[in-house]
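Just below is one structure, and these are the notes that go with it.
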């Protein structure tokens, strides 16, 4: 009788390990799925960046360094040789640069009157809204994954599998600041 109880316990533990393993794989794959879905939106935005740089560089003489940095980051992102965590970090920096451009464009009345810039800004805003939804989905998948790899008993299986934390998409500090609106 004790022998059968021992076998049942071993079978139960084996099924629990298999379940936890499969659950961790499912959560890791959910992150990949969310990232690849978001990657389509990122490409759309990356395709708009050269148009933005070309449109504003004639107006924004003081922001040339930001424009150059934005172009370099876009080129690096488009190479496709980045790991997903690196691409997330790079995209967070691209967000900061875009926010910097949009916050400073108020200082350029000629740019504010440019129809090309306004249309481009609208297209980028639309892409950003779609990206925001994709980022929420991605961050939720990352949060679920982090919970799984940190909570007992799945943390034991996660450490054996050498599962690492993933990078969240975050809001840059410049986007968190309350914009100053100058009404003249």
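Is it true that some residue in region 91-109 is within 30 Å of residue 13 (Cα to Cα), at pLDDT 85 or above, crowded, with 17+ Cβ neighbours inside 10 Å and under 11 Å from the mean Cα position of the chain (by Cα)? Within region 91-109 (the criterion being within 30 Å of residue 13 (Cα to Cα), at pLDDT 85 or above, crowded, with 17+ Cβ neighbours inside 10 Å and under 11 Å from the mean Cα position of the chain (by Cα)), the answer is no, since none of the residues qualifies.
Table: residues versus (1) buried (at least 18 other Cβ atoms within 10 Å of the Cβ); (2) part of a helix (DSSP H, G or I).
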position	(1), (2)
59	no, no
68	no, yes
74	yes, yes
111	yes, yes
126	no, yes
129	no, yes
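Listed by first and then second residue, the pairs linking a residue in region 42-57 that is without any contact (Cβ under 8 Å) to a residue 24 or more places away in the chain to a residue that is surrounded by 18 or more Cβ atoms within 10 Å (Cβ to Cβ) and in a helix (DSSP H, G or I), with Cβ atoms under 7 Å apart and 6 or more places separating them unless they lie on different chains, are 53/67; 53/70; 57/67. Kindly evaluate residue 53 against the criterion of being assigned to a helix (DSSP H, G or I) and surrounded by fewer than 13 Cβ atoms within 10 Å (Cβ to Cβ). No. Candidates 84, 23: the one that is in contact (Cβ under 8 Å) with a residue 60 or more places away in the chain and in contact with a helix residue (DSSP H, G or I) (Cβ under 6 Å, 6 or more places away or on another chain) is 84. Just one of (1) surrounded by fewer than 19 Cβ atoms within 10 Å (Cβ to Cβ); (2) in contact with a helix residue (DSSP H, G or I) (Cβ under 8 Å, 6 or more places away or on another chain); (3) in contact (Cβ under 8 Å) with a residue 24 or more places away in the chain fails for residue 117. It is (1).
The values are calculated or read from the model by the stated rules, or taken from the named source; none is laboratory data. Remember, it's a predicted structure, so these values are computed and weren't measured experimentally. Counting neighbours? That spans all protein chains shown, and the Cβs are built from the backbone with ideal geometry, glycine included.
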